[in-house]
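Participant: This is the structure, below, for whatever I ask next.
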Amino acid sequence: MTTREKSDKYFAPTYKKNLTITGGNGAYLYGDDGKRYLDFGSGIAVNTVGAANKAWAEAVAAQSLKIAHTSNLYDHVPGAELAEKLCGMTGFSRVFFSNSGAEANECAIKCARKYSFDRYGIGRSNIVTLKNSFHGRTMATLSATGQEKHHQYFMPFVEGFAYAKPDDFDDFLKVAGGSTCAVMIELIQGESGVNALSKDFVRSVAGYAAKHDILLIIDEVQTGNGRTGTLYLYEQYGIKPDIVTTAKGLAGGLPLGATLFNEKTAEVFTPGTHGSTFGGNPVACAGALVILNTLTMPFLREVAEKGQYLKEKLHGIEGVTSVSGAGLMLGAAVKNAAEIAAACVEQGLLILTAGEKLRFLPSLTITYSEIDEGIEILKRVAMSSGEVKE
Ligand SMILES: *Cc1c(COP(=O)(O)O)cnc(C)c1O
């Protein structure tokens, strides 16, 4: 059997797959069809420094040869170093490491509820999230996700989530109330279409939350780790979250989630109240240290500049009606996103979609000429997309 056939036969059918990847180098991936693909998705914003990055691979290999796993009953050097570095770079007080975005959000949800329980007792446990949000696939994070299509089949969902309309502060005020302990939001809603929240709305929500001792949780699972041109996107909104969650690009290709706590939330968890077997695994932490060391101010400035460049190029493509997002997290509205994305694969360009948009999440190390190459393919495909019918 080929890889494709084994996959079709043995994997639980949760994914539609159409290409077998055998290797990569920077912004390029190799398929078992012998073709080279330019990758505008980077494993959904995960491969921060591209594929097979030498410094990253060496750090990960070296740590594997020392110790790959310890359990959280013991300390290890890359974990402690990473915690110090993340707190030092952000000003947050403490961090909890897990393995994914959903887990980072679960941790934030648990922290918010315990914070409120410790201060106010039972009953003040509601969390306001936004419509069109995406917070993960576990039961609690699915419940937090404000999209009807995700609230099917798996009933009963976790109680205590209420959904406000994005960029509508009046609606937020209707939804938030005396039983609210936290608000959890993405600043750019990624999965549902790369839509940025307005600064006015976010600052109003942050102000209200601070006034009522409601914790402000920012989900930076996708926007974090340099993706939008700053280390974290909340910096660009001029707000101070109580909790920030991140994952995807943090370890540059290994599973690692992080939940960051400020001085208010740093001491909420006590021994035994939360944990993870794999969370903050030494190998993943070694990979993340390489990523954080890469995300210097000049590097981040270049991400912002490359994002601006890509944005301008996208505006010049036939059929693109608008471009949204920040840095190298962009969405381009087109009439037939799925069709165009499929046609791009044929032409050697891997590209994602989100809602009705084409979604751009290339590795942060992509070069200007690689961006140009992808744009040329996209132009060709867009020009003939009227004829592409499958
Ligand atoms: C991807 C994503 C998640 C879920 O992350 P997983 O690692 O797949 O669990 C949560 N929130 C946001 C904003 C995401 O983009």
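Participant: Inspect the range 240-253 for any residue being surrounded by fewer than 24 Cβ atoms within 10 Å (Cβ to Cβ), within 11 Å of the ligand (Cβ to nearest atom) and within 29 Å of THR365 (Cα to Cα) and give the result as yes or no.
Facilitator: There is no residue in the range 240-253 that is surrounded by fewer than 24 Cβ atoms within 10 Å (Cβ to Cβ), within 11 Å of the ligand (Cβ to nearest atom) and within 29 Å of THR365 (Cα to Cα).
Participant: Would you confirm whether or not the range 134-148 contains a residue that is exposed (fewer than 15 other Cβ atoms within 10 Å of the Cβ), within 16 Å of the ligand (Cβ to nearest atom) and part of a helix (DSSP H, G or I)?
Facilitator: Yes, some residue in the range 134-148 is exposed (fewer than 15 other Cβ atoms within 10 Å of the Cβ), within 16 Å of the ligand (Cβ to nearest atom) and part of a helix (DSSP H, G or I).
Participant: Report, by residue number, each residue of the range 168-183 that is touching a Phe, Trp or Tyr at 6+ places or on another chain (Cβ under 9 Å) and of a type outside the set (D, E, K, R).
Facilitator: Answer for the range 168-183, where residues must be touching a Phe, Trp or Tyr at 6+ places or on another chain (Cβ under 9 Å) and of a type outside the set (D, E, K, R): PHE169, PHE172, LEU173, VAL175, ALA176, CYS181, ALA182, VAL183.
Participant: I'd like to check which helices (runs of 4 or more DSSP H) are fully inside the range 1-104 and have at least 3 residues that are surrounded by 15 or more Cβ atoms within 10 Å (Cβ to Cβ) and modelled with pLDDT of 95 or more.
Facilitator: Answer list for the range 1-104: 42-45, 54-66, 77-90.
Participant: Taking MET184 and the conditions (1) part of a loop (DSSP other than H, G, I, E, B); (2) touching a residue at least 60 places away in the same chain (Cβ under 8 Å), which numbered condition does it fall short on, given that it satisfies the others?
Facilitator: In the conditions (1) part of a loop (DSSP other than H, G, I, E, B); (2) touching a residue at least 60 places away in the same chain (Cβ under 8 Å), MET184 misses (1) alone.
Participant: Continuing with this model, one more query. Would you mind stating whether GLY279 is more than 30 Å from GLN308 (Cβ to Cβ), modelled with pLDDT of 95 or more, surrounded by 23 or more Cβ atoms within 10 Å (Cβ to Cβ) and within 13 Å of the ligand (Cβ to nearest atom)?
Facilitator: Yes, satisfied.
Participant: With respect to GLU103, determine if the residue is within 16 Å of the ligand (Cβ to nearest atom) and among the acidic types (Asp, Glu).
Facilitator: yes
Participant: The conditions are (1) assigned to a loop (DSSP other than H, G, I, E, B); (2) under 30 Å from GLY41 (Cβ atoms); (3) out of contact with any Gly (no Cβ under 6 Å at 6 or more places or on another chain); (4) in contact (Cβ under 8 Å) with a residue 40 or more places away in the chain, and GLN222 fails exactly one of them. Which is it?
Facilitator: Unmet condition: (3).
Participant: Quick one: would you say GLY331 is more than 19 Å from LEU250 (Cβ to Cβ) and surrounded by 20 or more Cβ atoms within 10 Å (Cβ to Cβ)?
Facilitator: Answer is yes for this residue.
Participant: Here is a further query. Just to be sure, is ALA209 touching a residue at least 24 places away in the same chain (Cβ under 8 Å), farther than 25 Å from GLY331 by Cα, within 14 Å of the ligand (Cβ to nearest atom) and in a helix (DSSP H, G or I)?
Facilitator: When the stated conditions are applied, ALA209 does not pass them.
Participant: May I pose another question? Looking only at the range 161-181, which residues are buried (at least 16 other Cβ atoms within 10 Å of the Cβ), touching a Lys or Arg at 6+ places or on another chain (Cβ under 9 Å) and in contact (Cβ under 8 Å) with a residue 40 or more places away in the chain?
Facilitator: Once the filter is applied, which keeps residues that are buried (at least 16 other Cβ atoms within 10 Å of the Cβ), touching a Lys or Arg at 6+ places or on another chain (Cβ under 9 Å) and in contact (Cβ under 8 Å) with a residue 40 or more places away in the chain, the range 161-181 yields PHE172, VAL175, THR180, CYS181.
Participant: While we're here: All but one of (1) touching a Ser or Thr at 6+ places or on another chain (Cβ under 8 Å); (2) touching a residue at least 60 places away in the same chain (Cβ under 8 Å) hold for ALA337; state the number of the condition that does not hold.
Facilitator: (2)
Participant: If CYS111 passes every condition in (1) more than 12 Å from GLY279 (Cα to Cα); (2) surrounded by fewer than 23 Cβ atoms within 10 Å (Cβ to Cβ); (3) in contact with a Phe, Trp or Tyr (Cβ under 9 Å, 6 or more places away or on another chain) but one, which one does it miss?
Facilitator: All conditions are met except number (2).
Participant: Where residues in the range 225-239 are assigned to a loop (DSSP other than H, G, I, E, B) and within 16 Å of the ligand (Cβ to nearest atom), which of them is surrounded by the most Cβ atoms within 10 Å (Cβ to Cβ)?
Facilitator: So the residue we want is ARG227.
The values are calculated or read from the model by the stated rules, or taken from the named source; none is laboratory data. In this text the structure is predicted, and so the values were computed from the model without any measurement. All Cβ positions, glycine included, derive from the backbone under ideal geometry; neighbour counts span all protein chains shown.
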